[in-house]
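The values are calculated or read from the model by the stated rules, or taken from the named source; none is laboratory data. Computed from a prediction, not measured in an experiment: that's the story for all the values here. Backbone-built Cβ (ideal geometry, glycine too); neighbour counts: all protein chains shown. Heads up: the accessible areas ignore ligands, DNA and RNA and are worked out on the full protein's heavy atoms, side chains in. Shrake-Rupley method; radii C 1.70, N 1.55, O 1.52, S 1.80 Å.
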Amino acid sequence: MTIFSFFSGASRALGSSSSSSKLLVILSISAQLFSILQKEKNTFPELILDAVRISIPENFSSGGLVAYSESQTDAGAQSAEIKQKEPQKKRVVVLGTGWAGTSFLKDLDISSYDVKVVSPRNYFAFTPLLPSVTCGTVEARSIVEPIRNIIKKRSGEIQYWEAECVKIDAANKKIRCRSVIDNSLNEEFLVDYDYLVIAMGAQEIEDAQKIRRSVIDCFERAVLPDLSDEERRRNLHFVIVGGGPTGVEFAAELHDFILEDLVKLYPMVKDLVKITVIQSGDHILNMFDERISSFAERKFGRDGIEVQTGCRVTGVSDKAMTVKVKSKGEICSVPYGMVVWSTGIVTRPVLRDFMDQIGQNKRHVLTTNEWLRVEGCDGVYALGDCAAVAQRRVMEDISTIFKTADKDNSGTLTVKEFQDVIDDILVRYPQVELYLKNKHLNDVKDLLKDPQGHERKEVDIEGFKSALRHVDSQMKSLPATAQVAAQQGAYLSSCFSRRQQCQETPEGPLRFRDSGRHHFRPFRYKHLGQFAPLGGEQAAAELPGDWVSIGHSTQWLWYSVYASSPAVLIVMLPPSSPVNFCCCLFFGKLAMKVERDTIELQNGENLSVDLHIILSSLFKFRWASVINSIGPWAVSIAPILGWFAMRTFTIFERAFKAFRDNPSLSKLMVVCTVSGGGLLAFAETRPFSGSDSVPKKKVVVLGTGWAGTSFLKNLKSSTFEVQVVSPRNYFAFTPLLPSVTCGTVEARSIVEPIRNIVRKKGINIEFKEAECYKIDRDNNKVYCRSGQDTNLGGEEEFSVDYDYLVVAMGARSNTFNTPGVVENCHFLKEVEDAQRIRRTVIDCFERASLPNLSEEERKRILHFVVVGGGPTGVEFAAELHDFVLEDLAKLYPNVKNLAKITLLEAGDHILNMFDKRITAFAEEKFQRDGIHLKTGSMVIKVDDKHISTKERSTGEVSEIPYGMVVWSTGIGTRPVIMDFMKQIGQTNRRALATDEWLRVEGCNNIYALGDCATINQRKVMEDISVIFSKADKNNSGTLNLKDFQEVIDDICERYPQVELYLKKRQMRNIADLLKSSQAEKQGTELDIALFTSALSEVDSQMKNLPATAQVAAQQGQYLANCFNHMEECERNPEGPLRFRGTGRHRFHPFRLICLEGLIHFLLYKHLGQFAPLGGEQAAAQLPGDWVSIGQSTQWLWYSVYASKQVSWRTRALVVSDWGRRFIFGRDSSRI
């Protein structure tokens, strides 16, 4: 703990003190390592060197110490004096945070500019991985980085506003912006500019998330009952319109997702799935090499992906699309379940309006010159997908070029005169160089040769035109890719950074239509290659130099390039994507297959050379120079080493995939012992289950929370036909919901698909994603309603019959009918609630950062109110405080002092269900942390900006302004449960009342578990007469100890409050209680009156179980064991005596723990409870009245919650999230 505290403190100090002086003491491990770094330091990414800033000495001895200090000038009077002397900075406004905008901001020298960024999304997204996000190969938050994390490294000199530009006023150099946080507020403001950089992209990460949800919706809808096969086929027909890289990659990802994961979870509909790619051209991937296009079409054909080329979509309705075959002119209808449209980009409305202003209304996108300046606008630049570079034609300027080159005005142009301007021509007109390369001309002088190929000493204007007349045929438009956008941003940033220098000393080409030179060289795009992942761990790549690579190792090259892309290093994305890839490998998705690659060359060089080049490209930090230095020897063995490594990995990968894909099959493991070389054969077998003529009982489970999931996991009997109905198709680890609200843990790290859980069972369990809206006890039916979109087809409502019904639907938040709570407050019961809270917290900070807001309004927006001082409310307040203090304060320095957290509690103390020591410590810590506690306050009303409270002690009513309210005051009954309670006569209760066997009172075959139910424990005094009668077997009217001891065990089991009472009175057993009563009366036997008097106070120890995950999980486990032993217990009851009837109860009541048929006579087993309090501190109340408080308790919390995860997948993700938060902080992207 001490060592960890040291490193934790050091990390926190270095992370939070970027603007202060730092002292780094570095212990050298090896002088040789540092000498290598000295030689290779220029090859490392500039960002890493800037972050470390360590000067490596020439003579460095092993074990030495280097002292480094980063000093900074005083920010007092000297800086103020210097600021007065500085000239006024030019105002630069950047619209967009995509590839172009982020690249521009990353490299910009802002010493001469006042930079403002306006964008509706507060993050940068690595868009090439969006197709991977659609199918869960990579999580959305793994490919985004908050834009404030990027610009905060600029010492707060770049301002960011989360808003949307709605109008560009080029005449007055203004833009009008509107906040996107809450459209009802209609907050608009104006921003002036001297230079405007338009970098509005096209793709959004929200699109990928919607697609992911829609894919699952289609499968869930297809497995609902009462659907015809035709409707199921339509629901599972996925159509991709567009055969470009995005459409092809999505089709490949979707195919792998279905083949590797979904067919296991939805086996009943796996043969109905169909994927179709519709392309208007003759081939898919028509911008790639023909070999790649042909390979992709053949592979898709083998994979069963239908490719329809030469087809144009003419219309799309809610269930079908109309397609016209261009070759035949036929029009056909294609039914679909989901359509993904990927046919290119379109201009945004604000840019279309701007184009109308500047006379570019006939163009598809904004047109710029070669310096990325918008044509017709001084000071406006456009980059990325929203613009196109209009390259100047040579033939338009041929006369001025000739005149500029003809310095002596002779009317002819000599070769020497042409050579004097050829460099400027090549820079100004890049198509000339492309023409020379295409014609295989070695020198520009070859252009001036006559038609017979003879050199000419001079040419006139006509001959010059004739020589260059075909040059413009090589002009090509730049593709709308991330590469182009990133290079344009870096180029324009360089121009802005060197503007003053280049104005004094121009470095551009000659101005052929004017005098002098251009200030800058025009933008020149450098193509770095392009990838096309094709699924099945295969990809195609078109690399610089007309290289083509196709196959498995190309997929690994894709992994390497995308994981170590300079764009990723630019923004320092946390290494979540590699974690995602690993989780897909071990827990489903991306079963890696690495085999020999297929590499094709334009000129057919040797394969070993190809691998050498590929290996060189893999090492992004130029460590491949080591390979280059080894020479031909390494080149010759590279194929052998590569083959051996890939084959070795393939063996283990295939073995692992076989075991992972077949968890329910018998397995044979042959283990070779290293010492003796013997073989050990192991087989896991399962008894043969033949066809059973006895019809199975139907068990319907409503809900997939703690109780329902625990029941399903522990149910082992194959005598039941189980159906699960729930509106959410996953189990959520709800104790970590407060961590999700602030990004400490990601939402998908704490959820596990319910189909993953039930498919590992040996029994048949069906799941239906629907909501139960009515329970019909009389007819043994539940009525359900699908939660998917209605346009998917089929019946929206259906009914399910049952023999046994298990109600485990949980509860909703209790508002106590307080006005305005539902409309204005956030709850924290579901994963969706936590995600909404997370977005709202970021929204509040973004809104408070907008201009034109008063100080009072900013304070209101940043006032976070938590209603309810229970464990959930306290933990959320602590998480929010850490989030604000450790992360948001750095990203929003202008408003960090305005944030305030208030915790309202109606009782006298927070955490009143915990030990008093924990309560006192929590209140003291919150006061130290600046969290305002207001106890004894009841909320009586909530409006859109204020919350009204009433003091219990004084009756005073006050109003508190707020920006966000989280309501956490307990649980209430769901409407469907309330309706069911009316049917069975439980209208006066707050939850379903059950007996001690979790059976709903008044219903023989309906059980209720978890938060939706409460156990109505039978009182001893209600049965005192029948208990006495059972014990008095001889009907003597009196009871001695011997008679009573025969029923003592049954009494303690049937009435657990007896044992609690004895424990409180410090008695060993109930006999001691009776003896004490006998001693008082001086008698040897007890009559009914004395017996009643002895047990009169026993019922005072009755307590309701808390509505916690512990209780729900244990109830589910208990009921599953009852179902597992139902047939056996029907024949041989194992429960206590029936005091009001004959015989025994079938099962032991819930208050006893039943495991594998062994009965442990214990009350409900309380395992303790935690209360995280922030600042790496927590409190715990453990069994045996133990109390633990402090940092070590927080680590106990980490270990317990990690071990309690429902699967190894979620366990790995949660632990990695904690590590990522510790190293990189929490993510504040608004997605």
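Assuming 0.36 nm per residue, please report the length gained on full extension of the stretch GLU306 to ALA1089 beyond their Cα-Cα distance.
Gain in length upon complete extension: 273.3 nm.
At a Förster distance of 60 Å, what's the computed FRET efficiency of ASP378 paired with GLU856, Cβ-Cβ distance as r, to 0.05?
Result of the calculation: an efficiency of 0.90.
Quick one: if you stick a label point 7 Å off each Cα along the C-beta vector at ASP446 and GLU1001, how many nm between them?
Taking the two extended label points, one gets 9.9 nm.
For region 453-542, take N as its residue count and report Rg(C-alpha) divided by 2.2 N^0.38 Å.
This ratio for region 453-542 stands at 1.66.
Using packing as a proxy for protection, rank 774-780, 737-743 so that the peptide with the highest average count of other Cβ atoms within 10 Å comes first.
Going by the mean number of other Cβ atoms within 10 Å, highest first, we get 737-743, 774-780.
Stick to the Cα atoms of region 206-341, pair each with every other, and give me the Kirkwood hydrodynamic radius in Å at one decimal.
15.5 Å
If the chain between LYS89 and ASN172 were fully stretched, how many nm would it gain, using 0.36 nm times the residue separation less the Cα-Cα distance?
Net length gain for the segment: 28.0 nm.
Residues in region 103-141, backbone N under 17 Å from the label point at GLN357 (7 Å along the Cα-to-beta-carbon vector): list them, ranges by number please.
The answer is 118-119, whose backbone nitrogens lie closer than 17 Å to the label point.
If you average over every viewing direction, what projected area does the convex hull of the Cα atoms of region 290-436 give, in nm²?
The directionally averaged projection comes out at 15.6 nm².
7 Å from Cα along Cα→Cβ at both LYS457 and LYS324: what's the point-to-point distance in nm?
6.3 nm
Quick check for you: with a 1.4 Å probe and neighbouring chains kept, what is the accessible area per residue of region 206-341, in Å²? Before the final figure, lay out the partial values.
Details: 5960 Å² over 136 residues.
For region 206-341, the per-residue accessible area is 44 Å².
Could you put ARG511, ARG989 in order of accessible surface area, largest first, with the 1.4 Å probe and the full protein assembly present? Let's see the in-between values first.
Values: ARG511 70, ARG989 105 Å².
Largest accessible area first, the list is ARG989, ARG511.
Accessible area of region 206-341 with a 1.4 Å probe: how many percent of it is carbon plus sulfur?
Working: 2860 of 5960 Å².
Roughly 48 percent of what the probe reaches on region 206-341 is carbon or sulfur.
Quick one: accessible surface of ILE398, probe radius 1.4 Å, all protein chains present, in square angstrom to the nearest 10.
10 Å²
Please quote Rg/Rh for region 197-263 to two decimal places, taking the Kirkwood radius as Rh and restricting both calculations to Cα atoms.
In region 197-263, Rg relative to Rh is 1.08.
In what sequence, highest mean first, do 378-385, 977-984 appear when ranked by Cβ atoms within 10 angstrom?
378-385, 977-984
Let me know the shape class of region 1007-1072, please: from the alpha-carbon gyration tensor, a ≥ b ≥ c as square roots of the eigenvalues, rounded when a/c is under 1.5, otherwise prolate if a/b is greater than b/c, or oblate.
It is oblate, given that a/c is not under 1.5 and a/b is not larger than b/c.
Give me the 1.4 Å probe accessible area per residue for region 393-474, excluding ligands and nucleic acids, in Å².
Each residue of region 393-474 exposes 58 Å² on average to a 1.4 Å probe.
Using per-residue counts of other Cβ atoms within 10 Å, averaged over each peptide, order 1166-1175, 231-240 from highest down. Mind showing how you got there, number by number?
Working: 1166-1175: 20.0, 231-240: 23.7.
Ranked from most to least packed, the peptides come out as 231-240, 1166-1175.
Using a 1.4 Å probe, how large is the accessible area of ASP289, given in Å² and rounded to the nearest 10?
Here the accessible area works out near 40 Å².
Give the whole-number value, in cubic angstrom per residue, of the convex hull volume spanned by the C-alpha atoms of region 86-196.
122 Å³
Give me the 1.4 Å probe accessible area per residue for region 837-928, excluding ligands and nucleic acids, in Å².
Counting only protein heavy atoms, the per-residue value for region 837-928 is 38 Å².
Using a 1.4 angstrom probe on the protein heavy atoms only, could you order LEU933, LEU1073 from most to least accessible area?
So, going from the largest accessible area down, we get LEU933, LEU1073.
Answer rounded, prolate or oblate for region 393-474, using the Cα gyration tensor with square roots of eigenvalues a ≥ b ≥ c: rounded when a/c is under 1.5, else prolate when a/b is larger than b/c, else oblate.
Note, shape of region 393-474 comes out oblate.
Tell me, what is the 1.4 Å probe accessible area of TYR783, in Å² to the nearest 10?
70 Å²
What ranking of LYS781, LYS167 comes out by heavy-atom accessible area, probe 1.4 Å, highest first?
LYS167, LYS781
Between VAL263 and LYS465, what is the FRET efficiency for a Förster distance of 60 Å, r being their Cβ-Cβ separation, to the nearest 0.05?
0.40
Dipole of region 206-341 (Lys/Arg Cβ +1, Asp/Glu Cβ -1, origin at the Cα centre): which of PHE257, VAL325, ALA208 lies farthest to the positive side?
After comparing all options, I get VAL325.
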